[in-house]
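Following: one structure in C-alpha cells, then a few remarks.
The values are calculated or read from the model by the stated rules, or taken from the named source; none is laboratory data. No experiment lies behind these values; they were computed from the predicted model shown. Cβ coordinates were reconstructed from backbone atoms using ideal geometry, including for glycine residues, and neighbour counts include every protein chain displayed.
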Amino acid sequence: MRSSQAASAALAGMAMALLVSACGGGGGGSGASPGVTCSGQGHSVEVVVELGDHRVVDRCVGFKGTEITGQTTLHRSGIEFATEHFSFGDAVCQIDHDPKSYTDCVGTGQPYWALFLWTGSGKWKSASTGISEVKLKPGQALGWRYDSSQGTALPPPRPPKS
C-alpha cells in the first residue's frame, strides 16, 4: 500500500512540474522544451530565445488584463537576464548567462541580444525600443537571438501558434 501511495505522489509531483514548466513558472535556465504551446492558458504571451549554441528556450507566460510589459514577461518567464538602461529603454545584455560577462551592452561592432516581436501572425519584426518599453497583447511573443553584429540580426525560430 505504501509503495503505491509513494508512486502516486511521485507521479503527481512530475505532472505538477511539467505543468509549471509549460506555464513559464519555475526556475530559469535553458531546460525548457522548444515548441511549448501557449494555448488554453487564458491570456498568455510567449518568450522564445535562441542561445549562442542554437538551443532554444521557449516559455509561456500567463497574465491578467489586456496587456503585459516585455520586462514583466521576461521576469515571469524564469529565464535569467540582465539589462542596462539607455535612452530607448532597457536593453537586454545577458540571457541565460550568455555571454558570461560583458562590459558594453550594445557597443558599436560588439555582439548583442537582438529583440524581436511577433504579433501572432506573419514574421518576427525587429523591436525599435528596449524591453522596458514593449507592450504585449495575448497571443503575441518576444524573441531574442544573440547577434554577432556582422549584418542584420536573424530572428529566432517562429513561436508556435497560440
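Okay, residues lined up against (1) closer than 19 Å to Ser148 by Cβ; (2) at pLDDT below 95; (3) within 16 Å of the chain's Cα centre (by Cα):
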{"site": "Thr73", "(1), (2), (3)": "no, no, yes"}
{"site": "His85", "(1), (2), (3)": "no, yes, no"}
{"site": "Phe88", "(1), (2), (3)": "no, yes, no"}
{"site": "His97", "(1), (2), (3)": "yes, yes, yes"}
{"site": "Lys100", "(1), (2), (3)": "yes, yes, no"}
{"site": "Cys105", "(1), (2), (3)": "yes, yes, no"}
{"site": "Gly109", "(1), (2), (3)": "yes, yes, no"}
{"site": "Leu115", "(1), (2), (3)": "yes, yes, yes"}
{"site": "Gly120", "(1), (2), (3)": "no, yes, yes"}
Seminar exercise, completed: When every residue in the stretch 135-162 that is surrounded by 16 or more Cβ atoms within 10 Å (Cβ to Cβ) and at pLDDT below 70 is compared, the one nearest to His97 (Cα to Cα) is Pro159
Exercise. Can you list the strands (runs of 3 or more DSSP E) found entirely within the stretch 36-133 that contain at least 1 residues being of a type in the set (Gly, Ala, Ser) and free of Cβ contacts under 8 Å to residues at least 60 places away in the same chain?
Worked result: 56-62, 81-86, 89-95, 112-118
